[in-house]
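Notes to accompany the following structure.
The values are calculated or read from the model by the stated rules, or taken from the named source; none is laboratory data. A quick note: this is a predicted structure, and the numbers were derived from the prediction, not measured. Cβ atoms come from the backbone with ideal geometry, glycine included; neighbour counts cover every protein chain shown.
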Amino acid sequence: MRPVLYMCLWAAAVFAPLFSADSHALTLNLAAEDAWPPFSDAQGNGYSRDLALAAFALSGVSLEIHPVPYARALNMTLAGQVDGCWNVTRQPSTEEHYLFGDEPLFTASASYYFKTGKEKNWQSPADIPDGTVLAVINGYEYGAEFEKHRHRLKLIEVSKQQQMIAMLISERVAGAIFFDRVFDDTMAGSHFDRSLIRRGQQNHTSDIYIAFSRLNPASAEYAKQLDEGLKILKSNGEYQRIMNNQYDR
């Protein structure tokens with residue numbers, strides 16, 4: 001058991017009176033994307049899981065976690081098959097379908113990436129020429145500005161970061177959009193030559209949330225419990241300890 005989980009159990013005992021007794025012994029089903037390390041890896045482990053476990057433990061709520069591809073996690077939440085899923089960007093296109101709390105899990109930046117020698121000077125989505133072939137992850141949100149230009153582009157949507165890297169190196173695409181921390185982690189744990197890819201300008205920065213199902217009448221309460229838990233973790237220093245954790249690749 002990780003040290004953070006011991007802290008969760010201690011915190012649950014200390015802070016349980018702050019929450020409704022109805023929340024005790026409750027288990028939430030959450031879908032975890034399986035290809036976004038170090039935030040959520042193939043087993044659903046990473047910063048997102050640790051933050052969710054610690055925050056919900058403060059209200060006596062346990063989690064049952066189901067690692068699946070990101071697009072499936074969204075669809076399961078939309079259909080009410082799970083209570084929620086993590087690593088969702090809060091923007092108009094997602095707020096229409098999911099319920100969010102006020103506190104993000106964390107903030108993540110994403111940039112344009114190119115094959116070395118094939119760099120483009122794209123400062124924003126508006127600079128990308130019509131019909132440009134880009135590699136992206138199926139179901140990912142890349143910011144409200146990118147959504148305005150999505151229809152102009154030829155997007156090749158895949159489920160794994162490694163697939164995008166391979167397409168860049170083989171020049172099957174003109175560029176790709178990676179979340180920077182995820183790209184660095186994926187490259188460090190792969191056989192790919194880092195010198196073959198160059199990072200361009202930033203596409204956007206996103207606040208990353210747990211999205212809850214609008215079909216579940218208790219979702220607003222779950223979001224509130226998560227918000228309160230994250231605030232406590234930040235105030236007592238546990239949040240930063242979790243984010244300072246290093247994961248084995």
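Considering (1) over 20 Å from S40 (Cα atoms); (2) assigned by TED's automatic domain parsing to the domain that holds D185; (3) charged (D, E, K, R), the lone condition that E141 does not fulfil carries the number (1).
Can you tell me which residues in region 76-89 are buried (at least 18 other Cβ atoms within 10 Å of the Cβ) and either touching a residue at least 60 places away in the same chain (Cβ under 8 Å) or at positive phi (or both)? Listed by number, the residues that qualify are T77, V82, D83, G84, C85, W86, N87, V88, T89.
Which condition from (1) of a type outside the set (S, T, N, Q); (2) under 21 Å from the mean Cα position of the chain (by Cα); (3) more than 17 Å from Q202 (Cα to Cα) is the one that R152 breaks? Condition not satisfied by R152: (2). In the set R172, R199, R214, only one residue is in the same structural domain as T89 (by TED's automatic domain parsing) and at pLDDT 95 or above; that residue is R214. Pairing residues of region 183-194 that are assigned by TED's automatic domain parsing to the domain that holds M164 with residues that are of a type outside the set (K, R) and surrounded by 13 or more Cβ atoms within 10 Å (Cβ to Cβ), at Cβ distances under 6 Å and at least 6 apart in sequence or on separate chains, gives D185/P37; D185/P38; T186/Q161; F192/I165; R194/M187. Scan region 184-212 for residues that are out of contact with any Phe, Trp or Tyr (no Cβ under 7 Å at 6 or more places or on another chain) and either assigned to a strand (DSSP E or B) or not polar (S, T, N, Q) (or both) and the total you get is 14. Residues that are surrounded by fewer than 20 Cβ atoms within 10 Å (Cβ to Cβ) and in contact (Cβ under 8 Å) with a residue 12 or more places away in the chain within region 198-217 comprise R198, R199, G200, Q201, Q202, T205, D207, R214, L215, N216, listed in sequence order.
For region 141-163, the count of residues that are at pLDDT 95 or above, buried (at least 20 other Cβ atoms within 10 Å of the Cβ), aliphatic (A, V, I, L, M) and closer than 27 Å to E95 by Cβ is zero.
Within region 167-182, the residues that satisfy the criterion of being part of a helix (DSSP H, G or I) and within 16 Å of N138 (Cα to Cα) are M167, V182.
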